[in-house]
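**Student:** This is the structure, below, for whatever I ask next.
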Amino acid sequence: MGFSIINHQSSIINPYLPYPVRIDEIITETEDKNLKTFKLVFINQGDEEKFSYKSGQFAELSVAGKGEAPIGIASSPTEKGYATFTINKVGLVTSCLHSMKAGDIMGLRGPFGKSYPWNILEGKNVVIIGGGFAFTTLRSSIVYMLDPANRSKFKEIHVIYGARSPGMLLYRDELAAWETRDDINMHITVDGTDDPGWKYNVGFVPTITEQKAPAGDEDTYAIICGPPIMIKFTQPVLDKLGYVHDHIIMSLEMRMKCGIGICGRCNIGKEFVCKDGPVFTLAQLNGMPKEY
């Protein structure tokens, strides 16, 4: 798979054809070095405008001759001039990406999937609950909501975010900056730590959710993205707090494959997650086979 820098001049966008992008910056996020954030800039003028996305969507990142991998978009649509992705080193394509350096050319295809329902969330309290490296689209959502043009559209914002240890937290500089603001309630936690300087919570995300999250009501929505075990034990906590299931919004981005519903490998029952999701309410998931 090659990347031409003279394509995409037609008004018809080929969903199979990646946009050529250049790696502008690579940031190692975690102490095990398995999570890196890639800042990508578009080579062809106009491609950034065509890659119009909302927080919660994903894209396919590709390496010529190696393949592609579906990755949630970590940047916010309010951040112009680039797109960012935080990539976990878990397979052939992601390992190749981790071996690349600033200045290298790669491919970006998308955006795909449905975003978080921002038209519904406006005027509401929003509770963000995330764990581990699944915090990427949640980072996008926080930056979007905190943008000066958008902050007044939302009521209270609560964030509960956890990792195994302090060294496994993503976006630590941003977490620290958000902590200092008075228009967002940050609740950072780790499973455990021996660090005497740790000043935040210690405990699993479901436990901290029960302690810190506001009660559910008609004006409060929760967005959850994280490992399946975290989601499994957070759901009953939200039930206890009074959240109705159509106010609990979840992402199944781990089911993503081709992005356009052709390969048939992301379906759950009759739903194609890459087209009908990856964002679903818990009420919707309750009516689907438990294959996720």
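**Student:** Are there helices (runs of 4 or more DSSP H) fully within region 78-178 with at least 2 residues that are surrounded by fewer than 21 Cβ atoms within 10 Å (Cβ to Cβ), not hydrophobic (A, V, I, L, M, F, W, C) and not assigned by TED's automatic domain parsing to the domain that holds T189? List them. Steps first, answer last, please.
**Tutor:** Details: elements: 92-98, 118-121, 136-146.
Counting at least 2 such residues, we get 92-98.
**Student:** Same structure, new question: Pairs only if they're at least six apart or on different chains, beta carbon under 6 angstrom, first in region 22-34 and surrounded by 12 or more Cβ atoms within 10 Å (Cβ to Cβ), second of a type in the set (F, W, Y); list them, first residue then second.
**Tutor:** Listed pairs, sorted by first residue: I23/F38; I26/F38.
**Student:** Look at region 211-260 and say how many of its residues are modelled with pLDDT of 95 or more and touching a Lys or Arg at 6+ places or on another chain (Cβ under 7 Å).
**Tutor:** 3
**Student:** Would you check if A134 is at pLDDT below 95 and under 17 Å from N88 (Cα atoms)?
**Tutor:** Working: at pLDDT below 95: yes; under 17 Å from N88 (Cα atoms): yes.
Against the criterion (at pLDDT below 95 and under 17 Å from N88 (Cα atoms)), A134 qualifies.
**Student:** Among the residues of region 199-223, count how many are assigned to a strand (DSSP E or B) and of a type outside the set (S, T, N, Q). Before the answer, list the steps.
**Tutor:** Of all residues in region 199-223, those assigned to a strand (DSSP E or B) come to 201-202, 220-223.
Subsequent filtering for residues that are of a type outside the set (S, T, N, Q) retains 202, 221-223.
Looking only at that region, the number is 4.
Yes/no matrix, rows are residues, columns are (1) of a type outside the set (A, V, I, L, M); (2) at positive phi; (3) in contact with a Gly (Cβ under 8 Å, 6 or more places away or on another chain):
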residue: P166; (1), (2), (3): yes, no, no
residue: E179; (1), (2), (3): yes, no, no
residue: D183; (1), (2), (3): yes, no, no
residue: V190; (1), (2), (3): no, no, yes
residue: K199; (1), (2), (3): yes, no, no
residue: T209; (1), (2), (3): yes, no, no
residue: D217; (1), (2), (3): yes, no, yes
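**Student:** Being touching a Leu at 6+ places or on another chain (Cβ under 9 Å) and free of Cβ contacts under 8 Å to residues at least 60 places away in the same chain is the filter; apply it to region 207-243 and report the residue that is surrounded by the fewest Cβ atoms within 10 Å (Cβ to Cβ).
**Tutor:** Checking each candidate, the answer is A215.
**Student:** Taking region 44-67 as the search range and keeping residues that are of a type in the set (D, E, K, R) and without any contact (Cβ under 8 Å) to a residue 60 or more places away in the chain, which one is surrounded by the most Cβ atoms within 10 Å (Cβ to Cβ)? Walk me through how you get there before you give the answer.
**Tutor:** Within region 44-67, the subset of a type in the set (D, E, K, R) is 47-50, 54, 60, 66.
Adding the requirement that they be without any contact (Cβ under 8 Å) to a residue 60 or more places away in the chain leaves 47-50, 66.
Numbers: D47: 19, E48: 17, E49: 8, K50: 13, K66: 16.
Among those that are of a type in the set (D, E, K, R) and without any contact (Cβ under 8 Å) to a residue 60 or more places away in the chain, it is D47.
**Student:** Give just the number: which of (1) touching a strand residue (DSSP E or B) at 6+ places or on another chain (Cβ under 7 Å); (2) of a type in the set (D, E, K, R); (3) assigned to a loop (DSSP other than H, G, I, E, B) does D195 not satisfy?
**Tutor:** (1)
**Student:** Go through region 98-123 and report how many residues are touching a residue at least 60 places away in the same chain (Cβ under 8 Å) and more than 30 Å from T281 (Cβ to Cβ). Don't jump to the end; show me each part of the working.
**Tutor:** Here is the first cut: in region 98-123, the residues touching a residue at least 60 places away in the same chain (Cβ under 8 Å) are 98, 100-118, 120-121, 123.
Now narrow it down to the ones that are more than 30 Å from T281 (Cβ to Cβ): 98, 100-107.
Total meeting the criteria: 9.
The values are calculated or read from the model by the stated rules, or taken from the named source; none is laboratory data. The structure presented is a predicted model; accordingly, all values stated were derived computationally and were not measured. Note that each Cβ is placed from the backbone with ideal geometry, even for glycine, and that neighbours are counted across all protein chains shown.
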